[in-house]
Amino acid sequence: MSSRPRVLVFQPLFTPGAPLDYRMLGFQFWLADQFTAVGLEGASALFAKPDAASRELVASTPPTDDDIRRALVDHAARFGVLTTFAVQGSRPHLELARLYRARRGHPLRLLERWRFTADSDHLPTMAHALFVAMAPRFGLELQPSTWQQLFDTHDPVVAGNFFTALGCHVSCDQGFAVDQPDVALHATLTAVAAGMRPAIDLLPALVTSLRTSGSAGRDLLRAAVDEAARLVVAAPPSWQPMLAEYGLTRPGLPN
């Protein structure tokens, strides 16, 4: 077993009746990735509809303490993060984040909670603020940073698009097909066009996960890959297998 503490980030809770928003899932997966990047072991937990013919994500009612503790023990996670969003129109807003600790044979312990006011800024700002706020709880001393540095963009819309793409990718990667793959691809391409490095790195994985989950057909994916190649001055080496798979390797592209 890894000696690094495992942090399990749960699928966000949100306003009852609101549609599932992949930006919120992207927020979840981004947090898990950041925990891993600073030396912890980030992981994520999604809620699936039971007894469905195909795997389908659902909004969850608030889990009980026993539910949270059981999930943490089952995932061998020492810590758990649960976020709650308010969805107003098309804009999800982070309201509350809770950090839990669980140990086998001990009751669940709520370590801390953070509340975010309605005038808090956009999702990338809130994600960065929450990550920085949690760090001391793990004994971490982070280097000073801004959300712009972590997302490699100054445009909150582009960073939000990255959340959409990341949410769709990891959902597909975990076996949940998405019903609007064109939205995920468009979100990624706008971030690629802006030169956002995390989106450029994500594209090949997103294309693969959309294909393997059955979310997108070859023609749609090939068109997106072709457009991506047009948006960059030179395709990065990590794109070469993807370009070759769709027959888009061109003279002048690095090998």
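For the chain, the mean projected area of the C-alpha convex hull, equal to one quarter of the hull surface, is 15.1 nm². Within the listed set 239, 147, 114, the residue fluctuating most in the Gaussian network model of the chain (springs between alpha-carbon atoms under 10 angstrom) is 114. Among 174, 149, 34, whose mean-square fluctuation peaks in a Gaussian network model of the chain (Cα, cutoff 10 Å)? Its mean-square fluctuation being the largest, the pick is 149. Distance from the alpha carbon centroid of the stretch 184-255 to that of the stretch 143-179 works out to 16 angstrom. Protection proxy ranking, highest mean first, for peptides 82-89, 126-133, 182-189: 182-189, 126-133, 82-89, where packing is the per-residue count of other beta-carbon atoms within 10 Å, averaged.
Could you compute the longest span of the chain free of trypsin sites (Lys or Arg not before Pro) located in DSSP loops and having at most 14 other Cβ atoms within 10 Å, not counting the site residues?
The segment 105-255 is the longest one with no such site.
Divide by every residue of the chain the summed helix terms, -39500 (n - 2.57) for each DSSP H run of at least 4, and state the resulting mean residue ellipticity at 222 nm, rounded to the nearest 500 deg cm²/dmol. Value at 222 nm, helices only: -13500 deg cm²/dmol. Working from Cα pairs under 8 Å separated by at least six residues, relative contact order for the stretch 122-246 is 23 percent.
Each reported figure results from applying straightforward, stated rules to the coordinates on display, with no laboratory input. Note that the coordinates shown come from a computational prediction; the quantities given were computed from them, not determined experimentally. Cβ: placed from backbone, ideal geometry, glycine included. Neighbour counts: every protein chain shown.
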